[in-house]
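**Student:** Before I ask anything, here is the structure I am working with.
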């Protein structure tokens, strides 16, 4: 601090110095020997500068020890002394203490309470909070006064007005709108001064119901001012009432709903365009889910969601892949290969087990334990038959797994966009795969122009397999999944009873083994994978002959089903007999049909210790020795589908492949 700058240049500096505190006066006498005479103003300034410098050297210890700080008592006393000296030396300085700097942080003492900063006001989110706010801000206001021609103040007391106001604001927004609609009558004006339609062609009549009365309340006509102020609105602003009345025609029973916050955003995607594009790929019902999930649709294996999304962005408008995928999921369309699906029962139990103790013995845990045990028994029985098929040296017993392949669309023209959008025919492949690696696989194939995939159609594929491939086999053992629409129903059981008792084959027994749902992997799935690989390797699969050649390249024997190969198998079961016998398809893990018997022999599980039980299910008048008649007419396809294939896809095929499509029924 340069003290010389604080003194004025006039002779009053000496008087200012003489008025200093005594501690500085004593300091002056201690230095009198240096000057030897009475000090003038300049000498006093020099002495004061020396004292301040010495104090600065004594107290300022920052360079030596940065963490050093003065004691509080000493700091306060020295600060007060310095402040007094400065105030007395500078006459021109303002006597008011300087204001703290804007960058200084206010210091709080221990006794002074620290107040928290004010909290930001939050938006009222619940209906109750908003109603309370509206009730407080919309209290009853002054009415129309004594000059009102309708004398409204004489019709209602202040208590009744408050009761009406309270009841009104306890309603929800839509309820308040309906209340206003029902208590304001719209009527045509009796006389108009303008010709034609006028915006003033209506008049309004306001009504309030009297409350807290013995008669239960009567409806009384009031003026608009009294009506508005009773509800808590400004008497000069009827915008709330007019917006409600103009939201719907006068003959409507209620006003239109309040649309605040309910309008669609401007950037909302038109999902109808996406759904139309997805439907153009022609998803179909899968045979696995015909019975339990008829609304679930599947796309053929040569289409991927990436290709679909890319085509949509190029031809319609650009959206994210996730938005497109969500619409595919909402439309209940799947690309999954059902043979590789995860067991739903096991998946549900995995979620359940995470929330329960490891030693829990609830019904879900017991059911899952039984489910696992049954699947293990079934898998062990499957492996036993697999080993028996490898070691068998005779033709008396045959082992195979049977399954209908997922949807195959023809023609297949990979990379051709118009092929994906054109409705094509569905090819069906019922595969009979040997359990052993050295066995022969057989595929029974047809397309939708010949027949469909109803229960009697599936029975015909089994019959042709028995006649052409198992005619001399005495014991036929088949493994299948639990698809009830395909191979586990009473019509199918009727067919098996008829087949084993016919003279067309030498079978003595036909046994069907059903794997546990969700654990149905078998040799037929491997054959289907090999066929898919051959289809991709083939590239263009233009006609039926190309498709059968793919099956042959996959080491499969092919049985081509013609119209006459499909028989009209009927359901000969008796529901009353089945109910009395207590037969349930769900409780049958193994079924067997024997020559000379009309009954079904079944076991509830694959345990070796289980014995076959016998049950009757056929009508007494139903004949199992007589085969049904063959079909004479093909199923056919819509003419529009056939025309589209010939017009759009045939020009991209070789000339030799077009004959099949031109002759398609």
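**Student:** Label residue 323 and residue 159 with points 7 Å out from Cα along Cα→Cβ: what is the distance between them in nm?
**Tutor:** 6.2
**Student:** Indicate the gyration tensor shape class of segment 444-544 (rounded, prolate or oblate), computed on the Cα atoms with a ≥ b ≥ c the square roots of the eigenvalues: a/c under 1.5 is rounded; otherwise a/b larger than b/c is prolate and the rest oblate.
**Tutor:** Judged from the Cα gyration tensor, segment 444-544 comes out prolate (a/c at least 1.5, a/b above b/c).
**Student:** Also, I was wondering about something else. Zone of residue 454 (label point 7 Å along Cα→Cβ, backbone N under 20 Å): which residues in segment 631-665?
**Tutor:** Residues passing the 20 Å test: 631-639, 665.
**Student:** What shape does segment 363-662 take by its C-alpha gyration tensor, where a ≥ b ≥ c are the square roots of the eigenvalues and a/c under 1.5 counts as rounded, a/b above b/c as prolate, and the rest as oblate?
**Tutor:** prolate
**Student:** Under the 0.36 nm per residue contour assumption, what length would be gained going from the current alpha-carbon distance of residue 262 and residue 504 to full extension?
**Tutor:** Value of the extension gain: 80.1 nm.
**Student:** Moving on to the next point. Using a Förster distance of 41 Å, how high is the FRET efficiency between residue 188 and residue 146, based on the Cβ-Cβ distance and rounded to 0.05?
**Tutor:** That pair, residue 188 with residue 146, gives E of 0.85.
**Student:** Got a sec? How would 653, 150 order by Cβ neighbour count within 10 Å, fewest to most?
**Tutor:** In increasing order of surrounding Cβ atoms, one gets 150, 653.
**Student:** Within a 10 angstrom radius of the beta carbon, how do 229, 149 rank from fewest other beta carbons to most?
**Tutor:** Ordered from fewest to most neighbouring Cβ atoms within 10 Å, 229, 149 come out as 149, 229.
**Student:** Run the simple label-point estimate for residue 646 and residue 621 please: 7 Å along Cα→C-beta, distance reported in nm.
**Tutor:** 4.7
**Student:** Can you say what percent of the DSSP beta bridges in segment 414-544, counting only those with both residues inside, are antiparallel? Round to 5.
**Tutor:** Among the beta bridges of segment 414-544, antiparallel pairing accounts for roughly 50 percent.
**Student:** Further question: Nearest 5 is fine: what % of DSSP beta bridges in segment 363-662 come out antiparallel, could you say?
**Tutor:** 65
**Student:** Compute the FRET efficiency between residue 224 and residue 362 as 1/(1 + (r/R0)^6), taking r as their Cβ-Cβ distance and R0 = 60 Å, and round to the nearest 0.05.
**Tutor:** The formula returns an efficiency of 0.35 here.
**Student:** Another question about this same structure. Could you tell me the center-to-center distance, by alpha carbons, between segment 313-333 and segment 548-582 in angstrom?
**Tutor:** Going from one Cα centre to the other spans 38 Å.
**Student:** If I take R0 = 25 Å and measure r between the Cβ atoms of residue 611 and residue 474 in this structure, what FRET efficiency does the formula 1/(1 + (r/R0)^6) give, to the nearest 0.05?
**Tutor:** My answer for the efficiency is 0.70.
**Student:** May I ask you to sort 324, 399 by Cβ crowding, counting other Cβ atoms within 10 Å and putting the fewest first?
**Tutor:** Ranked by crowding around the Cβ, least crowded first: 324, 399.
Just so you know, all these numbers are worked out from the coordinates, no wet-lab data involved. On a predicted model such as this, the values are computed, not experimentally measured, just so you know. With ideal geometry, Cβ positions are generated from the backbone for all residues, glycine too; neighbour counts draw on all protein chains shown.
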